[in-house]
Amino acid sequence: MIEVIEPATEKVMAEVPRAGADEVDAAVAAAKAAFGAWRAVEPAERAATLRRLADAIEAEAAELATIEARNAGKPISDSRAEIAMVIECFRYYAGAPERLLGRTIPVAGGVDMTFREPLGVVGLIVPWNFPLVIASWKVAPALAAGNTVVLKPAELTPLTALELERIALGAGLPEGVFSVVAGPGSVCGARLVEHPDVAKIAFTGSTEVGRGIAAGAASTIKRVTLELGGKSANVVFADADLEAAAAAAPIAVFGNAGQDCCARSRILVERDALDDFLSAMEAVVKTMRVGDPLDDSTQMGPLISAGQRDSVASFVPSDAPVAFRGATPDSAGYWFPPTVLAPVSNSDRAAREEIFGPVACVIPFADEAEAVRLANDTIYGLSGSVWTRDGAKALRVSRGIEAGVVSVNSNTSVRVTTPFGGFKQSGVGRELGPDALDHYTELKNVFYATDQPREG
Ligand code: NDP
């Protein structure tokens, strides 16, 4: 059995059966058997099934949000917003089955047309930081395109995925079309990656495991989408609305206790504005409400595990340049205070590695060219922000930053309707928006000869 721990209390909140390679093989076989019928479901009916699924999730949204908040240790207000996004995601992709359009291409001798065909069985491997919402970004477009799905949640947070499996069956998804295998990544994840009947793996997690998945998928030439780590830059120019930038910066790195691949964990501040920025940010960080995930006013919960807390603490040794930090409860729970290191050099370990915890590095810069150089001086390229009142500079810097998702005067990264994914070692492929469907379909070209046969 998997003992599921509640990180805010360190107590067991549930036990679920631990799947192994045999359960993965059975789920893949069921998904393979279900594929032919599911891809043949008429587009309007497949769309209606996804809308029913969205409605069924909505009917249980409050319970799902509570489970997720307790299991992942995230504030209930965040958890509610994530479940709302899950519902929105299924509704958005319910529009897809009837809009998987092909093209006709002018050619000699006939008609040439393209089709978007489903891949078959897709294996989805998701992490513990945003368990159900990241799963929905993959499950919804995969099913909409006519694939069948085997989902492997992280062992630390399997509960909402298992709930989704139950809800999906109740909403009328045929047996085998969507199943969940809750078990260790090194066993269940690895089996999905090597399985000859799995056509594609979509993975979110660490860059290190992502590298192994890309290598493993090569032996069967599987399609792969990878959403990996980040070390995103939040670039604040002196001509920005500094109050707004400083007020928004803490939650952009301490949200989800910093366990967010989009965390703006490198805050690059133009040197002239550094003191003003830091004093405005300090006021916000010192009043952050860190505590019980189920309290409506909580802004930050605990880390996911004791191991994660140790890993985060290793980035803040006793001689670290701690400028200021927030407070944590002294009760049980994997707490770590929101911590701001300043000034930090971009070559320091804390500025180079993904900490995945509530630790921000403030890095001064002299001018626009240095800001772009520092922002790009990383192996990662997931997201980033630019704060300035100069519109042309905002666009120049946005174009200059090597990242998949950039915001101006905002720290948002993710919307259901827009593409999300990374440059460089932050990943391969895009999720969400219209582009995700390309990653769950193969493009087929059909040529149909129409010339009259020649006489004689
Ligand atoms: P992992 O990358 O190990 O886990 C992500 C998912 O992959 C989990 O479902 C995990 O399963 C599974 N997995 C693990 N090993 C394999 C494998 N060999 N083959 C297939 N699947 C596998 O992340 P961690 O949970 O260990 O977190 C470590 C670090 O990764 C974090 O500190 C953070 O830096 C980064 N990370 C980034 C995320 C992101 O959103 N980009 C999300 C999570 C982590 P299981 O956990 O059940 O073993």
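Could you tally the net charge around F447, taking each other residue with its Cβ under 15 Å from the Cβ of F447, Lys/Arg +1 and Asp/Glu -1? Spell out each step's value before the answer.
On the way: positive: R103, K444; negative: D112, D451.
Surrounding charge for F447 is 0.
Pull up the cross-link candidates among the aspartates and glutamates for K200, meaning alpha carbon to alpha carbon under 13 Å and not fewer than 8 places away within one chain.
D438, E442
Please work out the C-alpha center-to-center distance from region 213-230 to region 67-82 and express it in whole Å.
That distance is 29 Å.
Quick one, could you list the DSSP H helices from the chain stretching 15 Å or more along their long axis (Cα atoms) with average Kyte-Doolittle hydropathy of 1.6 or above? Please list the in-between numbers first.
Working: long enough: 21-40 (29 Å, 0.45); 43-59 (24 Å, -0.20); 61-72 (16 Å, 0.13); 76-94 (27 Å, 0.35); 131-144 (20 Å, 1.35); 159-170 (17 Å, 0.89); 207-218 (17 Å, 0.50); 242-254 (18 Å, 1.75); 274-286 (18 Å, 0.70).
In the chain, the long hydrophobic H runs are 242-254.
At 1.4 Å probe size, put K138, K286 in order of accessible surface, largest to smallest.
Details: K138 0, K286 115 Å².
Listed by decreasing accessible area, they come as K286, K138.
Put +1 on the Cβ of each Lys and Arg and -1 on the Cβ of each Asp and Glu in the chain; which of F356, T388, A144 then has its Cα farthest toward the positive end of the dipole?
Of the candidates, A144 comes out farthest on the positive side.
Nothing charged except the Cβ atoms of Lys and Arg (+1) and of Asp and Glu (-1): what's the magnitude of the dipole of region 43-127 about its Cα centre? Round to the nearest 20 debye.
Numbers: 10 positive and 12 negative charges, 34 e Å.
So the magnitude is around 160 debye.
How much net charge surrounds M1 when only other residues with a Cβ under 10 Å from its Cβ are counted (Lys, Arg +1; Asp, Glu -1)?
Working: positive: R18; negative: E3, E15.
Combined, the nearby Lys, Arg, Asp and Glu give -1.
Local charge sum around M13 (other residues, Cβ-Cβ under 10 Å, Lys/Arg +1, Asp/Glu -1)? Provide the component values of the computation, followed by the final result.
Working: positive: K11, R70; negative: E3, E6, E15.
Around M13, the surrounding residues sum to -1.
Select from G301, F277, F324 the residue farthest towards the positive end of the dipole of region 230-327; place +1 on Cβ of Lys and Arg, -1 on Cβ of Asp and Glu, and compute about the Cα centre.
Farthest towards the positive pole: G301.
Counting Lys and Arg as +1 and Asp and Glu as -1, each charge on the Cβ, what is the dipole of region 55-206 about the Cα centre in debye, to the nearest 20? Please report the intermediate quantities before stating the final value.
Details: 12 positive and 17 negative charges, 69 e Å.
For region 55-206, the charge dipole is close to 340 debye.
Among the aspartates and glutamates, which have Cα under 13 Å from the Cα of K74 when same-chain residues fewer than 8 positions away are ignored?
Within the straight-line cut-off, K74 pairs with E6, E82, D260, D292, D295, D296.
I need to check one value: relative contact order of the chain, counting alpha carbon pairs closer than 8 Å and at least 6 residues apart, in percent. Walk me through the numbers on the way to the answer.
Values: 1036 pairs, mean separation 83.5, N = 456.
The value is 18 percent.
With a 1.4 Å probe and all protein chains kept in place, how do Y92, Y448, Y380, Y440 rank by accessible area, largest first?
On the way: Y92 75, Y448 140, Y380 30, Y440 5 Å².
I get Y448, Y92, Y380, Y440, largest accessible area first.
Once ligands and nucleic acids are excluded and a 1.4 Å probe is used, how much of I213 is accessible, expressed in Å² to the nearest 10?
I213 exposes around 10 Å² with every protein chain in place.
Filter the GluC sites (Glu not before Pro) in region 79-182 down to the DSSP loop ones having no more than 14 other Cβ atoms within 10 Å, then list what survives.
Numbers: sites: E82, E88, E98, E155, E163, E165, E175; in loops: E155, E175.
When the GluC sites (Glu not before Pro) of region 79-182 are filtered for loop state and at most 14 Cβ neighbours within 10 Å, E175 remain.
Taking the square root of 5 times each eigenvalue of the Cα gyration tensor, what semi-axes in Å does the equivalent ellipsoid of the chain have, largest first? Please report the intermediate quantities before stating the final value.
Values: eigenvalues 317, 158, 70 Å².
The equivalent ellipsoid of the chain has semi-axes of 40, 28, 19 Å.
Using the crude model of +1 on Lys and Arg Cβ and -1 on Asp and Glu Cβ, and no other charge, please compute the dipole size for the chain relative to its Cα centre, in debye to 20. Working shown, then result.
Details: 42 positive and 58 negative charges, 186 e Å.
Dipole magnitude for the chain comes out near 900 debye.
To the nearest 500 deg cm²/dmol, what mean residue ellipticity at 222 nm is calculated for the chain from DSSP H runs of n ≥ 4 alone, each contributing -39,500 (n - 2.57), summed and divided by the residues?
Working: 14 runs with 168 residues, N = 456.
Result for the chain: -11500 deg cm²/dmol, rounded to the nearest 500.
Among T207, P343, P118, pick out the residue whose Cα is farthest towards the positive end of the charge dipole of the chain, where Lys and Arg carry +1 and Asp and Glu carry -1 on C-beta, about the Cα centre.
My answer, from the dipole projection, is P118.
How big is the convex hull of the Cα atoms of region 61-176, per residue, in Å³? Don't jump to the answer; show the numbers that get you there.
Details: hull volume 13.8 nm³, N = 116.
Per-residue hull volume (Cα only) is 119 Å³.
Under 14 Å from a point 7 Å along the Cα-to-Cβ line of T450: which residues of region 102-130 have their amide N that close?
So the set is 104-114.
Given a 1.4 Å probe and heavy atoms of the protein chains only, how would you sort S77, S279, largest accessible area at the top? Let's see the in-between values first.
Values: S77 50, S279 70 Å².
Reading off the accessible areas and sorting them downward yields S279, S77.
The values are calculated or read from the model by the stated rules, or taken from the named source; none is laboratory data. This is a predicted model, so every value here is computed, not measured. Heads up, the Cβs are rebuilt from the backbone with ideal geometry, glycines too, and the neighbour counts pull from every protein chain shown. Note: accessible area is taken over every heavy atom of the protein model, side chains too, but ligands, DNA and RNA are not part of it. Shrake-Rupley method; radii C 1.70, N 1.55, O 1.52, S 1.80 Å.
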